[in-house]
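Trainee: Can you keep this structure in mind? I'll have questions shortly.
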Amino acid sequence: IGYFKSDSDLIYQDIIRGNILEQVDKCEDLVFTKYLSALISYEGMQRVESFPISQLAFREAIINAIVHKDYAQSNPIQISVYDDKLFIYNSAEFPDGWSVNTLLQKHSSNPYNPDIANVFFLAGYIESWGRGIEKIIDESKSFNGIVPKFRWDSGLWVEFDFKNYGDKLGDRVGEKVGEKEKTREKTRGKTREKIIELIKKDKDITTQQLSELLGLSIKGIEWQIKKLKSENIIKRVGSAKGGYWEIVENVR
């Protein structure tokens, strides 16, 4: 998984390891806590987080990539995240006579790796009807009306485009497109500020309490804490259980 500012400008990356079932959950969790920013809106007093792509569609696309990847090739499944789009690349091989158009139509289940597909089927992750691509499209359309793009180039590419997802969020919560009155914020930067403020108020605060107060997963909070520590913004004094947090003096 890599975050890019441009095709030649890689900002940071991660490698997912573990068995194939674990990889699905790890990948989904990491992408939605570290790589994608949610827009925040409010319905009355209720805070609403909206990610630019459907989590269900993304999960289905990852499972599809794992099931159909050509493991004789050394290329890993690659997820490239940009400010306005996300790509999933899979070095798959089509059955004879198949094309991208075949995938976009009603088609039979013909997995490239039937044993792997059977593992996912027995685990309840997939069906056996060849509906993976259909589910990706349907989930995306129902989520934000944007249909992912599929193309073939030395493997299968799936593109989730979200350059206009802020406007679509506005439509969903009753705002006019382009209206600025409602509060919207990128969570990545704002979450860091909120963590620092909460630590200033309570140096003994736990990751569990931060998770509950900010509405983020424990793993998401742990990742933010790790970044703040690596940038010497906060530090831990004492043990994980008996210690406390301290803000570095040069941080206001």
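The values are calculated or read from the model by the stated rules, or taken from the named source; none is laboratory data. Here the structure is a predicted model, which is why all the values come from computation and not from measurement. So basically every Cβ, Gly included, is an ideal-geometry build from the backbone, and we count neighbours across all protein chains shown. With ligands, DNA and RNA removed, areas are computed over all heavy atoms of the protein, side chains included. Shrake-Rupley method; radii C 1.70, N 1.55, O 1.52, S 1.80 Å.
Trainee: Accessible area per residue of segment 199-252 at 1.4 Å probe, in Å²?
Mentor: In whole numbers, segment 199-252 has 68 Å² accessible per residue.
Trainee: Turning to a different aspect of this structure: Mean projection of the alpha-carbon convex hull of segment 189-252 over all orientations, in nm²?
Mentor: That works out to 4.0 nm², a quarter of the Cα hull's surface.
Trainee: Oh, and also: Are any of the pairs Lys163/Lys219; Lys85/Lys190; Lys163/Lys226; Lys85/Lys141; Lys190/Lys227 more than 18 Å apart by Cα-Cα distance, and if so, which?
Mentor: Pairs exceeding 18 Å: Lys163/Lys219; Lys85/Lys190; Lys163/Lys226.
Trainee: I'd like to compare 141-154, 229-242: which one has the highest average count of other Cβ atoms within 10 Å, and what's the full order after that?
Mentor: 141-154, 229-242
Trainee: While we're here: Treat each spin label as a single point 7 Å out from the Cα along the C-beta direction, and report the Gln73 to Leu213 distance in nm.
Mentor: 4.8 nm
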